[in-house]
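This report refers to the structure that appears directly beneath it.
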Amino acid sequence: MNGAGPARTVLQSLILLGFLLNCSGADEPFRGHAPPEAFLEDPEYPYFGAETPWNLRFFYEHAERLTKRQGQRQMLEIVRGRPEEAVRYAEELLVVDPSDQESLFNLAVARTQLGQLDEALEAALLAEEAGLPFPRFLAGPRDLLKPLYDFEPFRREAERRDIRLIHGPMVGSVTGRRARFWVRTSQESEVQVVAVADGADPFRPNLLSEMGRSSAEDDFTAIVTLSGLQPGTRYRYDVLVDGRPELDPDYPSFATSPERGAPARFEVGFGGGAGYVPRNERMWNTISARDVKAFLFLGDNVYVDLPEMPGGLHHYTYYRRQSGEEFRRLVARTAIYAIWDDHDSATDDVWLGPYSDRPSWKMPSLELFRGNWVNPGYGSEEWPATWFEFAIGDVDFFMLDGRFYRTNPFGESPTMLGPDQKSWLLGRLMQSEATFKVLASPVPWSFDTKGDAVDTWNGFRRERTEIFDFLAENKIEGVFLLSADRHRSDARRIERPKGYPLYEFESSRLTNEAVHDLVAGALFGYNEKQSFGLLTFDMTAPDPAVRFRIVTIDSEVVGEITLRRSELAHSLP
């Protein structure tokens, strides 16, 4: 295959497909880019849109150089009713790498859509032989694979493997007294978690969760709550699907939170930028080895970038991550909390506008997100989103949604949070008595992290100032900042005319291939390998401390800084 082939293929595909979403305002970048319906209220400023072109470049131009996009490009062709194009592209990649699992998976799906069921089954078995977990085919997308499910030879293969638990368990919403567990099953099933305090040998559970049931309506997922736990305690557990233990004998364990005010030490990991790159999925093993109390996914967790077609491509993108052994091992043992950013909520550098129900695909996108995580909350009842709060001991975490109610940054008085979320944040900060208060944003707080782009808080300076001034005026202490979005890790110090400096710790290259340059002004930064942020809280000292470290995919510590609680306090009058 010569070098002109891929370029010609991209050009032909773009000509044939056109743009799914019209690119408007390309000659007037001050108003960004958006499809025509976004201009209904104002011919100059779309109420939703993006700072960058609104088109399909991620699935065509980017697929030529980014592994995470190649399988998505094949699935996009399938969901658009063009399975023959998916077959062509998959076979093109399989010439280079005959064991390419994602191409074999999508080849099976495309062959199914073409009615070539013998060939589809052959591709599925080759994918399994190459290392793809067979449950991938049971997960789906089920509507696309239904003819294969009805094919007797495939049914025999599935029955022989007798798989009930497809994805999970994922533990989250952990307090000192309870925890929640998310799973996906192969069919509608009753689900229950059984647990025992660590140290009991043999495993004889004495705690039972409520009984849950996975349903087709919820994409065969269920969430159950285990109550009656003790603070600061580790528990081993199993998942029963229709009464059958699924994790025996490798019982995972999780730890409950320490009580408020308890003299505890614990670690929390965080990061973003987690596109699916098979060779980098070992990152989840690196994090698991640290035995962190919780891990915070701060956005760009899977990368979808197809807002107007919620469904098959979104499911495929989540399933390939959730099926991996490395990821399953992490989320079964570590409390998981997740917000989203642009590439999961819609597309690059997006703002989604002030409404909860417009555009029409906005709420379905949120529902897809909710169906794949186990957060303690999703905004408010009237204004749903991905923001929520939780606590670990004497630390309060405020997880912010910077996309769902973000307004046009080129308009007048733009907001990133929206009035409801901002009111919630300021109110909860006033009430918090925690030693440390962590504000986690999907995009950087520092203005100079992305040049002149308005996609970060740089485009929402007035609102950032309002939040920072609120901290000073109300003498709210112990605050520091987390963020993601830039494909690197770094630490920054933000000076304020009022109040103590605010430190920002940013990390967003968990698994991504693409890397962003270091930017001047950081206390330190790192971008050579994939990395994550590690916070170590020590609440045992008279002056409690938090230490931020950058940890690479190879478990190397490449930068660190320690903050004392006394450094995050207002001076006495």
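The values are calculated or read from the model by the stated rules, or taken from the named source; none is laboratory data. This one's a predicted model, so the numbers in the text were calculated from it and none came from an experiment. Cβ atoms come from the backbone with ideal geometry, glycine included; neighbour counts cover every protein chain shown. Ligands, DNA and RNA are stripped out before the accessible areas are found, and what is left, the full protein with its side chains, is counted by its heavy atoms. Shrake-Rupley method; radii C 1.70, N 1.55, O 1.52, S 1.80 Å.
Given the criterion open to solvent by 10 Å² or more (accessible area, probe 1.4 Å) and either of a type in the set (A, V, I, L, M) or within 21 Å of Tyr303 (Cα to Cα) (or both), identify the matching residue among Arg69, Arg80.
Arg80
Would you mind stating whether Phe532 is within 20 Å of Arg265 (Cα to Cα), modelled with pLDDT of 95 or more and outside any loop (DSSP other than H, G, I, E, B)?
So Phe532 fits the description; yes.
When you go through (1) at pLDDT below 95; (2) of a type outside the set (A, V, I, L, M); (3) in contact with a Pro (Cβ under 8 Å, 6 or more places away or on another chain) one by one for Asp291, which number turns out not to apply?
(3)
Okay, residues lined up against (1) under 28 Å from Gly261 (Cα atoms); (2) without any contact (Cβ under 8 Å) to a residue 60 or more places away in the chain; (3) in contact with a strand residue (DSSP E or B) (Cβ under 6 Å, 6 or more places away or on another chain):
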{"site": "Phe181", "(1), (2), (3)": "yes, no, yes"}
{"site": "Gln187", "(1), (2), (3)": "no, yes, no"}
{"site": "Val193", "(1), (2), (3)": "no, yes, yes"}
{"site": "Asp198", "(1), (2), (3)": "yes, yes, yes"}
{"site": "Asn206", "(1), (2), (3)": "no, yes, yes"}
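Give the residue that is nearest to the chain's Cα centre (by Cα), with candidates limited to residues of the range 372-393 that are of a type in the set (A, V, I, L, M) and more than 22 Å from Ala434 (Cα to Cα).
For the range 372-393, the residue satisfying everything is Val374.
Only one residue in Tyr303, Tyr319 is touching a residue at least 40 places away in the same chain (Cβ under 8 Å), touching a strand residue (DSSP E or B) at 6+ places or on another chain (Cβ under 8 Å), of a type outside the set (Gly, Ala, Ser) and open to solvent by less than 10 Å² (accessible area, probe 1.4 Å). Which one?
Going through Tyr303, Tyr319 in turn, the sole match is Tyr319.
Would you confirm, using the coordinates I've provided, whether Ala484 is open to solvent by 20 Å² or more (accessible area, probe 1.4 Å), in contact (Cβ under 8 Å) with a residue 12 or more places away in the chain and small (Gly, Ala, Ser)?
no
For the structure I just gave you, tell me whether Leu510 is closer than 23 Å to Phe468 by Cβ, open to solvent by less than 10 Å² (accessible area, probe 1.4 Å) and in contact with a strand residue (DSSP E or B) (Cβ under 9 Å, 6 or more places away or on another chain).
no
Run Glu412 past the list (1) at pLDDT below 95; (2) closer than 14 Å to Ile339 by Cα and report the number of the one that doesn't hold.
Evaluating Glu412 over (1) at pLDDT below 95; (2) closer than 14 Å to Ile339 by Cα leaves (2) as the failure.
Just checking, how many residues over the range 232-246 are under 16 Å from Ile163 (Cβ atoms) and either open to solvent by less than 30 Å² (accessible area, probe 1.4 Å) or assigned to a strand (DSSP E or B) (or both)?
Residues in the range 232-246 being under 16 Å from Ile163 (Cβ atoms) and either open to solvent by less than 30 Å² (accessible area, probe 1.4 Å) or assigned to a strand (DSSP E or B) (or both): 5 in total.
When the range 360-371 is examined, which residues are found to be open to solvent by less than 50 Å² (accessible area, probe 1.4 Å) and under 16 Å from the mean Cα position of the chain (by Cα)?
Within the range 360-371, Ser365, Leu366, Leu368, Phe369, Gly371 qualify.
Any chance the range 485-505 includes a residue that's in a loop (DSSP other than H, G, I, E, B) and among the aliphatic types (A, V, I, L, M)?
Checking the range 485-505: not a single residue is in a loop (DSSP other than H, G, I, E, B) and among the aliphatic types (A, V, I, L, M).
Looking only at residues in the range 437-452 that are in contact with a helix residue (DSSP H, G or I) (Cβ under 7 Å, 6 or more places away or on another chain) and not in a loop (DSSP other than H, G, I, E, B), which one is nearest to Phe388 (Cα to Cα)?
Lys437
Can you confirm whether the range 132-151 contains a residue that is basic (Lys, Arg), open to solvent by less than 10 Å² (accessible area, probe 1.4 Å), in a strand (DSSP E or B) and closer than 30 Å to Gly81 by Cβ?
no
Restrict the check to the range 272-280 and report whether at least one residue is part of a loop (DSSP other than H, G, I, E, B) and open to solvent by 10 Å² or more (accessible area, probe 1.4 Å).
Within the range 272-280 (the criterion being part of a loop (DSSP other than H, G, I, E, B) and open to solvent by 10 Å² or more (accessible area, probe 1.4 Å)), the answer is yes, since at least one residue qualifies.
Residues that are under 26 Å from Trp387 (Cβ atoms) and either more than 23 Å from the chain's Cα centre (by Cα) or among the polar types (S, T, N, Q) (or both): which strands (runs of 3 or more DSSP E) entirely in the range 164-231 hold 2 or more of them?
Values: elements: 165-172, 179-185, 190-197, 221-226.
Result: 221-226.
Does Gly521 qualify as being part of a loop (DSSP other than H, G, I, E, B), in contact with a Lys or Arg (Cβ under 8 Å, 6 or more places away or on another chain) and either farther than 27 Å from Ser288 by Cα or open to solvent by less than 10 Å² (accessible area, probe 1.4 Å) (or both)?
Criteria met by Gly521.
So Asp455 passes all but one of these: (1) open to solvent by less than 20 Å² (accessible area, probe 1.4 Å); (2) assigned to a helix (DSSP H, G or I); (3) in contact with an Asp or Glu (Cβ under 9 Å, 6 or more places away or on another chain); (4) not hydrophobic (A, V, I, L, M, F, W, C). Which condition number does it fail?
(2)
Can you run down the residue pairs with Cβ atoms below 6 Å, 6 or more apart or on separate chains, where the first is in the range 404-425 and on the phi > 0 side of the Ramachandran plot and the partner is at pLDDT 95 or above?
That search, which allows pairs on different chains as well, returns Gly418/Tyr405.
Would you mind finding the one in Asp357, Asp401, Asp420 that is open to solvent by 10 Å² or more (accessible area, probe 1.4 Å) and at pLDDT 95 or above?
Asp420
Pro258 fails exactly one of the following numbered conditions: (1) part of a loop (DSSP other than H, G, I, E, B); (2) under 27 Å from the mean Cα position of the chain (by Cα); (3) over 19 Å from Gly176 (Cβ atoms). What is the number of that condition?
(3)
Please verify whether Tyr251 is within 30 Å of His343 (Cα to Cα), open to solvent by 20 Å² or more (accessible area, probe 1.4 Å) and in contact (Cβ under 8 Å) with a residue 12 or more places away in the chain, treating the condition exactly as stated.
no
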